[in-house]
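Each remark here refers to the structure printed beneath this line.
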Amino acid sequence: MSDLTTDHPDAEKLTGMQHEKQYEFSLPEKYFFKSEKGLSKRVIEQISHYKNEPEWMLKFRLKAFEIAEKKGRPKWGPDLSSLNFDDIYFYIRPQDKKGTNSWDDVPEEVRETYRRLGIPEAEQRMLAGVGAQYESEMVYHSLKEEWEKQGVIFLDTDTGLQEHPEIFKEYFATVVPPEDNYFAAVNSAVWSGGSFVYVPAGVEIEVPLQAYFLINAQSMGQFERTLIIGEPGSKFHYIEGCTAPTYNSDSFHSGVIEIICQEGSQVRYSTIQNWSHNVYNLVTQRAVVHKDASMGWLDGNLGSKVTMKYPSTYLVGEGATGEVLSIAFASNGQHQDAGAKVIHAAPNTSSTVVSKSISKGTGRSSYRGLVQIHEGATGARSNVECDALLLDDQAKTDTYPYIEINEKTAHVGHEATVSKLNDEQIFYLQSRGLPEAEAAALIVRGFLEPVAKELPLEYAVELNRLIELEMEGSVG
Amino acid sequence: MSKNQLEIRNLHANVDGEAILKGVDLIVPKGEVHALMGPNGSGKSTLSKVIAGDPSYEVTEGDVLLDGVSILDLEPDERARAGLYLAFQYPVEVPGVSIANFLRLALNARREEDDEIGVMEFYNKLQNAVKTLNWDESIIERNLHEGFSGGEKKRSEILQLLVLEPKYAILDETDSGLDVDALKVVSQGVNAARSPEFGALVITHYQRLLNYIIPDVVHVMLDGKVIRTGSKELAMELDEKGYDWLKEQVAA
Ligand SMILES: Nc1ncnc2c1ncn2[C@@H]1O[C@H](COP(=O)(O)OP(=O)(O)O)[C@@H](O)[C@H]1O
Ligand SMILES: [Mg+2]
């Protein structure tokens, strides 16, 4: 990040500069702002002030900070001891963070990775934070017009707060309050960016709402805060593909995603994330699902040093359904601690969890899941399947399934399998002409297929390419 | 030394240090179909896997030549791309990988990177093969052997043979476990592959397969060696008398 300045002494003067509509693709902006290192009351005040937020948001942030201080870090799960907050900038404006406006300044290795991923050059430039993406801008604008006609709101979260304060205030932090957990509290104190989605009653959207469209604004923040509201009877798919290794030196990503599925709505949230290998990725994502509504998560986690991510689904209305499909790939030195949490709090609710993990070398993947059936949730059904694939003898996997049933009529199934990359399968595929590495990649793809097939084609293709890159050197 | 044959020359192979193949000599010229018979445990499957390059076997002596060129130093996939095909006695399952997808990859692996097979060309090829085997077209969307019956797996091995069009194929007990109808269908597939450009070694226990796939030559394997080579009448003789008389002859 050579052309990033150190802490800007005149942050206050810059306040207000960000008010051009950030969801409109703009030319690279001249102004930047970065908070001082570490997490403190002062930093939080700076952030809120800089964003020109309403008073209630500043209060909310400060309260959350107090809660975080009180709570302290979790005493379970992966080792986070080398995560030092005093070394972290809790707010960097994304454009600045990307750090460059010239394609030539993007490190060769990053460009090489993009090239091997087969990402079109225009998209490569955008991922690297270079320039505006005019082609996608046009596509986006025509879609956006159509959505606006239907009353759909699709903005980055900061803009959402500015432009739709009533809806925002009604739902914000109702699904994941700062009290929920330490990292949710930290996020609440310093959040920035993320997506704000509101789909009115009865509106169905065919094309997935892609966060990709918002990247040039603030959607890929380090502490992103996504708020998605599906009004009764709405139907849509929100998708976030962060498929190229995020080009930054941040070591800490902690997002909060809140989703409200009102009666009879059908909401899907899909994300494929590929973090650089030094990142602690600690995310709280949760949906509240009302009567006869359905929520589907598809969560793919690659890269990072440590990931802790357990998409949660609260089935609070009768007949609500939830589905969690997840993929985790733990490479050398990585710990993917992922899973799912499903709470059945109403009768005739049902849930399905399918978790697929792959571990390679010194990588470790853990499934951590909770299925809870409350008393009175008669006829609730839940089925959990977690499958682990080990690519070599060194790789590790473990499962922590917790099941709490307080209702006699509930049906809960749990199945876990661990398999190793099978020599016989590899030989078989090789005997048909596929080179060993390709054979192994095909087996892995087949292993992930039940989940990957739920992705739109272009995302599935990118997922496959990512997996192949991760697998390089793992056989032969 | 002919260039147009699959030649196994004094082949010795071990598994876990134990000798299984003890000097196999056998030649399958292009354009011919040979049968390889022999009691259980005589080393037929081992021979076929060693030829295909299964890394769990160690070749200690001898050679395998494809059209006059040794293939022992080649990886299994290189052997396949050189024109060799093995229909496995026990085909494995590969969950989540559809037959169509897999065969397209296998065909493309035989082609230059910028010369992938066209969608229509591939589809026609696949459809023809499916028809030859009296199979339902939906089979190509199913995952490779996932939930297949024994018979379906065998049929899939022949389907792949028809699509991949190898120069030489080894069929390891493709007939075992099949009822007569399935046997006819599978034989139909193998006979469809017969051509002056194709040689096959058909491993079987039973004479009955050879009523449908008529072999040019019959070899008999016993304790890691080919001990007798003859015409198709040899198969009938074996069917009548079993292997014991041959064993005695060899011992004598
Ligand atoms: N992978 C293996 N590990 C140990 N023993 C093996 C292995 N493969 C074959 N054998 C042994 O080699 C002998 C020949 O087996 P096989 O080639 O399967 O015979 P056939 O196909 O003629 O019935 C048998 O005694 C069998 O137990
Ligand atoms: Mg055998």
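Of the residues in region B:135-149, not one is open to solvent by 40 Å² or more (accessible area, probe 1.4 Å), within 22 Å of B:Pro76 (Cα to Cα), of a type outside the set (A, V, I, L, M, F, W, C) and modelled with pLDDT of 90 or more. Scanning region A:173-191 for residues that are closer than 14 Å to A:Leu282 by Cα and open to solvent by 10 Å² or more (accessible area, probe 1.4 Å) yields A:Asp180, A:Asn181, A:Tyr182, A:Phe183.
The residues of region B:27-44 that are under 17 Å from the mean Cα position of the chain (by Cα) and at positive phi, listed by number, are B:Gly31, B:Gly38, B:Gly43. Only one of the listed residues (A:Gln394, A:Gln430, A:Gln425) is surrounded by fewer than 16 Cβ atoms within 10 Å (Cβ to Cβ) and more than 28 Å from A:Lys341 (Cα to Cα). That residue is A:Gln394. Elements of the type helices (runs of 4 or more DSSP H) sitting completely within region B:19-111 and holding at least 2 residues that are open to solvent by less than 20 Å² (accessible area, probe 1.4 Å) and away from chain A (no Cβ under 14 Å): these cover B:44-52. Scanning region A:145-172 for residues that are in a loop (DSSP other than H, G, I, E, B) and open to solvent by less than 20 Å² (accessible area, probe 1.4 Å) yields a total of 2. For region B:49-70, a residue qualifies if it is touching a residue at least 24 places away in the same chain (Cβ under 8 Å), more than 13 Å from B:Val24 (Cα to Cα) and within 16 Å of ligand 2 (Cβ to nearest atom), and the qualifying residues are B:Lys49, B:Ala52, B:Ser56, B:Tyr57. Confirm whether A:Gly339 is closer than 30 Å to A:Gln394 by Cβ and either in a strand (DSSP E or B) or open to solvent by less than 30 Å² (accessible area, probe 1.4 Å) (or both). It is true that A:Gly339 is closer than 30 Å to A:Gln394 by Cβ and either in a strand (DSSP E or B) or open to solvent by less than 30 Å² (accessible area, probe 1.4 Å) (or both).
Of the residues making up region A:446-459, those that are within 7 Å of another protein chain (Cβ to nearest Cβ) and surrounded by fewer than 22 Cβ atoms within 10 Å (Cβ to Cβ) are A:Glu449, A:Pro450. Of the residues making up region A:433-441, not a single one is open to solvent by 10 Å² or more (accessible area, probe 1.4 Å) and touching a residue at least 60 places away in the same chain (Cβ under 8 Å).
Note on region A:313-336: among residues that are not acidic (Asp, Glu) and not in a strand (DSSP E or B), the one that is surrounded by the fewest Cβ atoms within 10 Å (Cβ to Cβ) is A:Gly333. Only one of the listed residues (B:Tyr57, B:Tyr85) is among the aromatic types (Phe, Trp, Tyr), on the phi < 0 side of the Ramachandran plot and more than 13 Å from the chain's Cα centre (by Cα). That residue is B:Tyr57.
Remark: pairs (first residue in region A:170-197, of a type in the set (D, E, K, R); second residue part of a helix (DSSP H, G or I) and open to solvent by 10 Å² or more (accessible area, probe 1.4 Å); Cβ separation under 8 Å; 6+ apart in sequence or on different chains) = A:Glu179/A:Ile67.
The values are calculated or read from the model by the stated rules, or taken from the named source; none is laboratory data. Since the structure is predicted, the reported quantities are computational estimates derived from the model, not experimental observations. Backbone-built Cβ (ideal geometry, glycine too); neighbour counts: all protein chains shown. In case anyone asks, the SASA skips ligands and DNA or RNA and just uses the protein heavy atoms, side chains included. Shrake-Rupley method; radii C 1.70, N 1.55, O 1.52, S 1.80 Å.
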